[in-house]
There are 2 protein chains.
Amino acid sequence: MLSIGELSKRTGVKIPTIRYYEQMGLIDAPERSSGNQRRYSRQGFERLSFIRHGRELGLTIEDIRELVTLSCHPEKPCGDAHHIAARHLASVQARIAKLKRLEKELKRISILSDSGHVGECNVIRSLSDHSHCETEH
Amino acid sequence: MLSIGELSKRTGVKIPTIRYYEQMGLIDAPERSSGNQRRYSRQGFERLSFIRHGRELGLTIEDIRELVTLSCHPEKPCGDAHHIAARHLASVQARIAKLKRLEKELKRISILSDSGHVGECNVIRSLSDHSHCETEH
DNA sequence: CTTGACCCTATAGCTACTAGAGAGATTATA
DNA sequence: TATAATCTCTCTAGTAGCTATAGGGTCAAG
């Protein structure tokens, strides 16, 4: 049986976050010690690891709740789970594309000398400048 | 002079967001019509565009506030502005790297058949499985 | 048995918005 | 000029996903 602090160390999820997940119903309320402290079993550890992976992959709490529910009903078809992953894959790819554009822009912005004054500064000029926009506005 | 609605259309920033920026002190409170409605000048439009660009690049409100302050003091050296851009470039690159790892993982997860049941589902198994982790925990 | 590290609940705060209520202003049309 | 449609106003509260704080109780080593 793990205390919340040990569970936190082993999963890398912060203590208040673990309690938050419990409150949100993502993890079951664990057993308590005689002094009312949380004591986690191996299952508790695994559930939290599952959630942590999901969050690292950028799934929302809601997505994870769906997956948790599915995993409690192994007789259901798993199309839903694939659907969640696929939906997320698309959004990850979109985010990568967008960030790459931003990277290019930031490089363009900060490439020049650091020695000037704000009056002729590229960072500020670039942010005021629409000529490089890829979205129109 | 633009109404808040027109300003919103031209910059792509939603009306409540414009008022929020004003409240946060990112943009100056504009003139008002006789009936107390906001009326924006060309400068107001430019300032908001500047902010919008910054947000699109993922700068925080605080970063932008610093840049706005800098841009009001053109006699200062612009190292600070470059520093903000450079710091952000680093974090964008880190995010790209992380998302690419996630993309790979999601592809691995959702590549297989959709026909199974949760019991043998890859999505859920993968999220419980640490063997592909690149970060240790 | 005391000390220090840990844990408890409850509440408030964070970022960057977004939504809604209820009232007033502006503008287009009849 | 009257009226209807469309803005716009302020204020409050809600969103996600935590994080921090206050004021207390618990656990394990020496």
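The values are calculated or read from the model by the stated rules, or taken from the named source; none is laboratory data. Being a predicted model, the structure only gives us computed values, none of them experimental. Cβ: placed from backbone, ideal geometry, glycine included. Neighbour counts: every protein chain shown. SASA here: full protein model, heavy atoms, side chains in, ligands and nucleic acids out. Shrake-Rupley method; radii C 1.70, N 1.55, O 1.52, S 1.80 Å.
At a glance:
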{"item": "Qualifying positions in segment A:1-42 - under 22 Å from the mean Cα position of the chain (by Cα), within 14 Å of another protein chain (Cβ to nearest Cβ), open to solvent by 20 Å² or more (accessible area, probe 1.4 Å) and more than 12 Å from DNA strand C (Cβ to nearest atom)", "result": "A:Gly12"}
{"item": "Filter result for B:Arg65 (closer than 15 Å to A:Ser128 by Cα, within 13 Å of DNA strand C (Cβ to nearest atom) and surrounded by fewer than 19 Cβ atoms within 10 Å (Cβ to Cβ))", "result": "yes"}
{"item": "Test for A:Arg95: is it surrounded by fewer than 17 Cβ atoms within 10 Å (Cβ to Cβ), in contact with a Leu (Cβ under 9 Å, 6 or more places away or on another chain) and modelled with pLDDT of 80 or more", "result": "no"}
{"item": "Test: A:Leu26 is among the aliphatic types (A, V, I, L, M) and near DNA strand D (Cβ under 10 Å from one of its atoms)", "result": "yes"}
{"item": "Number of the exception - B:Arg47 against (1) surrounded by fewer than 19 Cβ atoms within 10 Å (Cβ to Cβ); (2) more than 7 Å from chain A (Cβ to nearest Cβ); (3) modelled with pLDDT of 75 or more", "result": "(1)"}
{"item": "Which listed residue is modelled with pLDDT of 75 or more and in contact with an Asp or Glu (Cβ under 9 Å, 6 or more places away or on another chain), from B:Met24, B:Met1", "result": "B:Met1"}
{"item": "Set A:Gly25, A:Gly44, A:Gly12, A:Gly54: member being in contact with a His (Cβ under 6 Å, 6 or more places away or on another chain) and closer than 27 Å to B:Leu106 by Cβ", "result": "A:Gly12"}
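Here is a yes/no grid of residues against (1) within 27 Å of the chain's Cα centre (by Cα); (2) within 28 Å of A:Arg10 (Cβ to Cβ); (3) more than 7 Å from chain B (Cβ to nearest Cβ); (4) modelled with pLDDT of 65 or more:
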residue	(1), (2), (3), (4)
A:Asp63	yes, yes, yes, yes
A:Ala85	yes, yes, no, yes
A:Leu99	yes, no, no, yes
A:Lys107	yes, no, no, yes
A:Val118	no, no, no, no
A:Leu127	no, no, no, yes
